[in-house]
Structure formats: C-alpha cells, structure tokens
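Right, one structure below, let's go through it.
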Amino acid sequence: MEKTILIKYGELTTKKGNRGTFIKLLARNINSILNGLDYKLKYDRVRMYIEAADTNEVVNRLQKIFGIHSIVISYKVNNNIDELHNLLKEILKQEKFNTFKVETNRADKSFPIPSMEFSRQIGGFILKNFSCKVDVHNPEIRVNIEIRNNSFYVSLNEIKGIGGYPVGVQGKSLLMLSGGIDSPVAGYLALKRGIDIDCMYFESPPHTSLEAKNKVLKLASIINAYSGNIRVHVVPFTKLQEEIYKNVRDEYVITIMRRMMYRIASRFVQENHMHAIINGESVGQVASQTLTSMSVINSVTNLPIIRPVACLDKLEIIDIANKIGTYETSILPYEDCCTIFLPKHPVINPEQSKCLFEESKFSFDNLIDECINNIETITITNKEKNELL
C-alpha cells in the first residue's frame with residue numbers, strides 16, 4: 001500500500017490556454033514552501049501527486065499555498081480488485097462511521113466498469129464487511145476512488161485548500177508593510193490573487209525601536225508561509241521624517257509624510273520592474289484614508305495602488321488577521337513611523353495646492369535619494385518566525 005497526497009487545482013482548471021503556466025507556478029511554489037522536507041512531487045494537467053516521509057507536515061504546509069482547491073490523502077494500489085478490497089478493509093477499520101457513500105471518478109476510460117456501477121460494487125463490498133448503511137446525501141464517510149494510470153487511488157474526506165491563484169501569476173508588486181493589523185491582511189489577500197510581493201518598511205531610529213522593526217519582520221515571516229520568497233526592504237526614513245516635522249504645518253504632516261513614502265515606493269517599484277503598490281488602507285478608517293486624502297496622496301505616482309481591504313470594516317479585517325495568524329503580533333505595543341508624531345488634528349480633506357506649498361518649504365529630492373540608496377534588504381526564511389521577538 002502506497003500513501004500519496006493528491007492536490008486538486010480547482011479554479012486553475014478554468015484557465016484553458018494559461019493552465020499549464022499556472023500549474024508550473026503552483027509546482028514552483030509548493031517546492032519552495034516544502035523546502036527542507038523529504039518528498040517527491042509529480043504533476044499533470046489534472047492533479048498533483050506528492051509522496052512524503054512526513055505526510056502531516058506536508059499537508060499542514062499545503063494548506064497555506066494558494067492555487068490549491070483541496071488536498072486528499074490517498075492510498076494507491078494496482079487496479080486489482082482484490083488489492084482494492086484489502087486496502088478498504090485496512091483503512092476503514094480505523095474509522096468510526098455508521099453511514100457512507102462511494103464516489104468513483106473513472107479518469108482512465110479504458111477501465112471496463114463504468115463509474116456508477118463500480119461505486120455500487122464497492123458499496124456492496126463495504127456493506128458486507130462493516131456494520132453500516134449507505135447515505136448518499138449526508139454520509140459520515142465518503143469513500144472516493146479515482147481510477148487512473150492503471151491504479152486505484154482511494155481516499156476518505158477531502159481537506160479544503162485556500163484556493164486563489166498561484167503566487168506569481170500576476171507578477172510582483174510592493175506591499176507597504178507597517179506594524180499594524182491591516183497591511184499584513186492586505187498582503188495575504190494580494191497573494192491570494194496571484195500577486196508575488198516584496199515588502200517595504202519605513203523605520204525612523206531612534207524614534208522607532210528595534211522591537212518595532214522585528215515586529216514587522218515577524219509579520220512578514222507569518223505571511224511568508226503563504227508565499228515562500230518574501231523580502232523586506234527597510235527604508236531609513238529618519239532624516240526625511242524629521243525635515244517634514246520641522247517644516248510642515250502640523251495638520252499636514254501625515255499627508256506630506258505619506259506622499260514622500262509613495263514617492264520612495266514608486267521609484268523602488270519602477271527600478272525593480274514591479275507592477276503596483278499595495279497597502280492596507282481602508283476607506284475612512286483614519287484621516288489619511290478618506291477618499292480626498294487618498295486622491296491627494298496618490299497624485300505623486302502614476303502606478304496602480306491596490307487596496308485589498310479598502311471596503312472591509314475593522315472587525316472583518318481582524319477576523320482575517322486572526323485566521324492567518326498575524327493579529328497577536330500586530331497588536332504588540334511598538335510604534336511605527338506613522339504613529340510616533342501623530343498630530344492632534346490631521347487634515348481630513350487636504351488640498352493639492354496646499355500640499356505643494358508645504359513641500360516647497362524644504363528640499364526633499366536629495367533626502368529621497370538617500371533613503372533609496374540606503375535601503376536594507378532582508379530575505380525572510382521560515383526560521384525567522386520563531387527567532388524574532
């Protein structure tokens with residue numbers, strides 16, 4: 001008896017001409033996230049097959065890979081009825097159930113028995129050997145049999161995957177990652193739609209602490225479990241931020257600061273051949289996230305700005321943060337550069353002309369160059385999750 005993990009593609013099967021590319025990317029992502037484990041991966045246009053020494057750990061990791069509809073732990077035997085009967089006895093005696101249903105997928109059309117008839121035959125065998133009955137509507141156990149490549153693949157109930165597209169099918173974009181609740185969720189949702197991400201974090205030592213930086217790196221390591229290849233680009237923002245607070249009137253500080261961040265992020269995206277900027281802004285949540293503020297801040301770039309959580313309320317965002325495991329880290333009390341000098345009354349509806357006037361009070365081009373030229377790039381690996389903080 002050979003144990004195999006079957007992966008079903010789900011949404012990828014609708015992609016027709018691009019299907020092969022999508023599946024190759026999914027295989028690449030699986031290899032990245034399973035790195036370090038003892039396994040073998042094979043795939044075709046219908047399924048992926050993984051044989052592994054530690055099935056449980058492989059399944060745990062597969063449940064965080066986008067592009068997978070479902071995961072099935074299956075048992076492979078030759079398409080010999082006696083072998084199939086022996087296998088069914090062995091795996092079903094370990095289960096407690098009163099009702100069952102058999103479903104057969106005859107992918108190998110050369111097999112002589114039609115699917116419905118084969119399901120009836122196997123159902124009869126189970127009824128003879130176990131104290132149970134058939135329930136086709138709500139069975140406690142579903143016995144799934146796939147017939148392909150001269151083999152039977154037998155499995156019980158499927159494990160649901162997280163769906164979406166394989167990371168990378170939409171190219172790479174830059175996530176503006178803070179230490180808050182929203183931006184890690186935005187990164188997760190972007191990954192789900194196939195966008196490969198790098199992250200950018202703005203630090204302002206000594207105003208922001210090493211703990212704040214490590215908090216962001218830990219958040220990146222958590223969402224890296226869904227990607228496998230995230231890098232964090234740390235921008236030294238102190239000089240530019242101090243110039244803003246020194247020269248800009250109080251209520252416009254946050255607006256101007258955000259405009260500077262977008263200028264830096266835009267240059268970095270263009271220089272590194274990325275496609276868009278992603279952030280965790282939610283409409284109306286804070287002063288800089290009104291539609292007027294977004295419009296004025298966005299005016300410094302022509303790049304697409306993707307806001308995956310724009311129309312979610314805070315409780316919906318928190319639900320996702322809890323689901324993906326970022327919430328407890330996000331609420332750790334370490335301030336980032338967006339909160340350390342927060343004015344009492346930030347402007348809610350800033351004006352473009354006033355922003356330009358405030359920016360004319362100091363020279364920022366050289367400071368932006370300095371920020372970009374001194375970016376520290378950190379490659380996230382799986383071990384950071386346990387080492388940081």
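Remarks
- Residue check for V253: hydrophobic (A, V, I, L, M, F, W, C), surrounded by fewer than 22 Cβ atoms within 10 Å (Cβ to Cβ) and within 20 Å of F357 (Cα to Cα): yes
- Scanning the stretch 259-293 for residues that are assigned to a helix (DSSP H, G or I), at pLDDT below 95 and out of contact with any Asp or Glu (no Cβ under 7 Å at 6 or more places or on another chain) yields A287, S288, L291, T292, S293.
- Applying the criterion of at least 2 residues that are more than 19 Å from E95 (Cβ to Cβ) to the strands (runs of 3 or more DSSP E) found wholly in the stretch 112-167 leaves 141-148, 159-163.
- Each residue in the stretch 303-338 was checked for being part of a loop (DSSP other than H, G, I, E, B) and free of Cβ contacts under 8 Å to residues at least 24 places away in the same chain, and 1 pass.
- Unmet requirement for V234, which otherwise passes all of (1) closer than 24 Å to D313 by Cα; (2) of a type in the set (A, V, I, L, M, F, W, C); (3) at pLDDT 95 or above: (1)
- Sole exception among (1) on the phi > 0 side of the Ramachandran plot; (2) over 31 Å from the mean Cα position of the chain (by Cα); (3) crowded, with 20+ Cβ neighbours inside 10 Å for I147, by number: (1)
- Among the candidates I50, I65, I71, I7, the residue that is without any contact (Cβ under 8 Å) to a residue 60 or more places away in the chain, under 33 Å from the mean Cα position of the chain (by Cα) and not in a helix (DSSP H, G or I) is uniquely I50.
- Checking L219 against (1) at pLDDT 95 or above; (2) touching a helix residue (DSSP H, G or I) at 6+ places or on another chain (Cβ under 7 Å); (3) crowded, with 21+ Cβ neighbours inside 10 Å; (4) under 21 Å from D369 (Cα atoms), the condition it does not meet: (4)
- Failed condition for G180, given (1) assigned to a loop (DSSP other than H, G, I, E, B); (2) closer than 30 Å to T326 by Cα; (3) outside the structural domain of N279 (by TED's automatic domain parsing): (3)
- Against the numbered list (1) of a type in the set (D, E); (2) part of a helix (DSSP H, G or I); (3) surrounded by 17 or more Cβ atoms within 10 Å (Cβ to Cβ), D198 comes up short only at (2).
- Residues of the stretch 223-250 that are surrounded by 21 or more Cβ atoms within 10 Å (Cβ to Cβ) and in a helix (DSSP H, G or I): I223, N224, L240, Q241, I244.
- Of all residues in the stretch 74-92, those being part of a strand (DSSP E or B) and loosely packed, with under 14 Cβ neighbours inside 10 Å number 1.
- Across the stretch 153-184, the qualifying residues are those that are of a type in the set (S, T, N, Q) and within 30 Å of I126 (Cα to Cα), and the one among them that is surrounded by the fewest Cβ atoms within 10 Å (Cβ to Cβ) is N157.
The values are calculated or read from the model by the stated rules, or taken from the named source; none is laboratory data. Keep in mind that what you see is a predicted model, and the values were worked out from it rather than measured. Glycine gets a Cβ as well: all are built from the backbone with ideal geometry, and neighbour counts include every protein chain shown.
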